[in-house]
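The values are calculated or read from the model by the stated rules, or taken from the named source; none is laboratory data. Computed from a predicted structure; not experimentally measured. Positions of Cβ are backbone-derived with ideal geometry, glycine not excepted, and every protein chain shown enters the neighbour counts. All accessible areas refer to the heavy atoms of the entire protein, side chains included, with ligands and DNA or RNA removed. Shrake-Rupley method; radii C 1.70, N 1.55, O 1.52, S 1.80 Å.
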Amino acid sequence: MRKRIILITGASGEIGMALIYSLLKRGVQNLVTLDIRPLDEEFIGKATHIQGDICDKALLERLVSEYEVEAIYHLAALLSTRAEFSPETAHRVNVEGTLGLLQLAAEQSEWRGSPVLFIFPSSVAAYGMPTLKIKESFPQVREWEWNYPRTMYGSNKLYCEMLGVYFSDYYRQLAAERPVMLDFRSVRFPGLISAFSMPSGGTSDYGPEMLHAAAKNEPYACFVREDTRIPFMAMPDAINALLKLAGARREDLTRRVYNVTSYSLSAGEFRQWVLKYFPKAQITFQPDHKRQGIVDSWPADMNDHDARRDWGWSPEYDLERSFSDYLIPNIRKRYQG
Ligand code: AKB
């Protein structure tokens, strides 16, 4: 008998580490993690780690020969800024990597006769607001609006959402008898802010970078204008969203892709919140017009009404609580002993 497992890809990334921490805390013992990097020391011995490339077909074949995969949290991705520097690599990892895992989940679902749960974090980058004027006129976008991403990463996310829907609902639709298929569920995240890790390669990174720099007493030059506004969320809420969506009853879900968000903040307001706790922080604005263009194409906020209605989504950390209860105490501990 093969051991039943939960597979987490991108396990050494920001979301991956926070998710593993939460699952272990909930007593989950059957975690198999996959990442191109080694697993964080904190988790060694608590999860079975495979260091390798998600695009390595032989690796995925070995994995299913050893384990029965019940659920996949597919977090591995090249983020928006990094993906612009190597779009072909981003496409390989973000799209081909996801396609390989969807195929794996489809085969496993058919073999088991019950759907493999496939949880996929998508992003505010799946949107593309053509102009700042239009961005202002549509302050809270719905899932189906303005799906015209301007980045390789955003395009990859949007397409992979579609692939997930396809594999769940239409794959082998012309077969005489359609086999049991996977159960794809996705959340579109805003910019995420963690107290315990730094993002790398994203374009919403100016928020967390500003905060971590202030805590380290380092000057920070923000690469977007002061009036730039996008939605953000504290990392514990991102993990809650993934776990809550994973635990929702299938019959309650009216979509496969849901917006989730917490608060919408301009870069100038972000700076004010940082100054409230680190009054000596030296934060200036030196917009990089190329990265600015990417953030300008993301909506100021997302409408997450459907997630609230269908599976009871509600962020636990509003703006005030994110800073006072989560970010500031943990970041202070991290950098100031
Ligand atoms: C990025 O900036 O690329 C990510 C995202 C918004 O998905 N943080």
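Just to check your reading of the model, which residue among L163, L192 is in contact (Cβ under 8 Å) with a residue 12 or more places away in the chain, open to solvent by 10 Å² or more (accessible area, probe 1.4 Å) and assigned to a helix (DSSP H, G or I)? Can you show your working first?
Working: L192 fails: assigned to a helix (DSSP H, G or I).
The match here is L163.
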Options L99, L79, L75; residue that is modelled with pLDDT of 95 or more, within 16 Å of the ligand (Cβ to nearest atom) and either open to solvent by 40 Å² or more (accessible area, probe 1.4 Å) or of a type in the set (D, E) (or both) | L79
Restricting the range 42-57 to residues that are open to solvent by less than 50 Å² (accessible area, probe 1.4 Å) and among the aliphatic types (A, V, I, L, M), which is nearest to the ligand (Cβ to nearest atom)?
-> I54
(1) touching a Pro at 6+ places or on another chain (Cβ under 7 Å); (2) away from the ligand (no atom under 16 Å from the Cβ); (3) modelled with pLDDT under 95; (4) among the aliphatic types (A, V, I, L, M): which one isn't true of L182, the others all being true?
-> (3)
Subset tally (residues that are of a type outside the set (A, V, I, L, M, F, W, C) and within 16 Å of the ligand (Cβ to nearest atom)) for the range 102-138 | 6
The range 229-253 residues that are open to solvent by less than 10 Å² (accessible area, probe 1.4 Å), paired with ones that are basic (K, R) (beta carbon under 7 Å, 6 or more apart) = L245/R185
